[in-house]
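The values are calculated or read from the model by the stated rules, or taken from the named source; none is laboratory data. Because the structure is a prediction, the values reported are computed rather than measured. For neighbour counting, all protein chains shown are included, and Cβ atoms are generated from backbone atoms with ideal geometry for every residue, glycine included.
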Amino acid sequence: MTAALKPLARPASLHRSVQDAIRAFILDNTLRAGDALPPETDLARQLGVSRNSVREAVKAMESLGILETRRGSGLYVRAFSFAPLLENLSYGLLFDLRELAELLDIRRVLETGLIAAAMAAMPPAALAALGRVVAEMGARADQGENFPDEDRRFHQVLFEPLGNRTLLTLLDVFWLTYREATRHVDMGNPDPVLTYRDHAAIHAAVAAADVEGARAALDQHYAWIARRLELAQAQLRPDEEGPPGAAPVAG
């Protein structure tokens with residue numbers, strides 16, 4: 001038997017109470033990803049609130065990745081994903097370069113700590129794909145061009161063999177946040193040749209099955225990025241607490 005929704009009192013933040021009631025309904029009925037919820041009109045009637053209150057709560061839960069509305073079909077439980085949380089995290093990190101530097105430390109530890117497992121799991125096709133990405137980096141570097149998309153792809157290919165989607169999303173959060181931060185704060189233009197050499201060194205160690213060499217190359221790569229972040233922080237005014245959109249002050 002389906003557990004019923006309970007009518008709500010009318011607190012100041014009604015839509016939050018509606019969200020809590022819908023969450024409880026999902027749990028009480030052990031609904032899974034893809035399972036349907038009652039229509040909004042039924043939810044409103046059972047809760048004793050207006051349809052607008054239900055619609056507001058549903059929109060909030062959609063933004064959190066809990067529910068999804070399918071046009072012409074109805075309201076459904078959405079498969080769990082860290083993506084909404086991490087999207088908010090990447091936005092919040094733009095407001096403090098110190099926090100971005102802390103995220104870099106986390107990524108550095110993750111990649112250097114997991115590189116051995118990634119290398120052990122890497123099939124020949126993935127190693128070949130990594131080599132192609134490095135070759136593309138080299139071609140762009142020879143033209144004096146930066147290659148952020150290839151950089152992003154390199155680290156994705158490097159750790160895809162682990163089959164850990166959450167890890168890949170975390171790696172992407174740093175990449176997206178760092179790239180956005182460079183649009184607001186002068187971090188100095190990276191030398192594409194040096195960036196290429198960093199990645200070529202990582203690839204060479206992976207291809208040679210040299211775990212310690214790969215770990216050292218990754219560590220050196222992130223040490224260089226950390227230094228750029230330190231210099232960018234030093235350029236900002238000491239009392240600046242807002243987003244990095246303000247013009248940096250020369251050091």
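Looking at 209, 226, 205, just one residue is modelled with pLDDT of 95 or more and part of a helix (DSSP H, G or I), and that residue is 205. Within region 32-72, the set of residues being in contact (Cβ under 8 Å) with a residue 12 or more places away in the chain, touching a Phe, Trp or Tyr at 6+ places or on another chain (Cβ under 8 Å) and either of a type in the set (D, E, K, R) or outside any strand (DSSP E or B) (or both) comprises 33, 34, 35, 37, 65. You will find that of 64, 86, the residue that is modelled with pLDDT under 90 and closer than 30 Å to residue 233 by Cα is 86 and no other. Among the residues of region 118-138, those that are under 21 Å from residue 212 (Cα atoms), touching a Pro at 6+ places or on another chain (Cβ under 9 Å) and either among the aliphatic types (A, V, I, L, M) or not assigned by TED's automatic domain parsing to the domain that holds residue 203 (or both) comprise 118, 119, 120, 121, 122, 126.
Any residue that is basic (Lys, Arg), free of Cβ contacts under 8 Å to residues at least 40 places away in the same chain, in a loop (DSSP other than H, G, I, E, B) and under 18 Å from residue 104 (Cβ atoms) - is there at least one of those in region 151-167? Among the residues of region 151-167, not one is basic (Lys, Arg), free of Cβ contacts under 8 Å to residues at least 40 places away in the same chain, in a loop (DSSP other than H, G, I, E, B) and under 18 Å from residue 104 (Cβ atoms), which makes the answer no.
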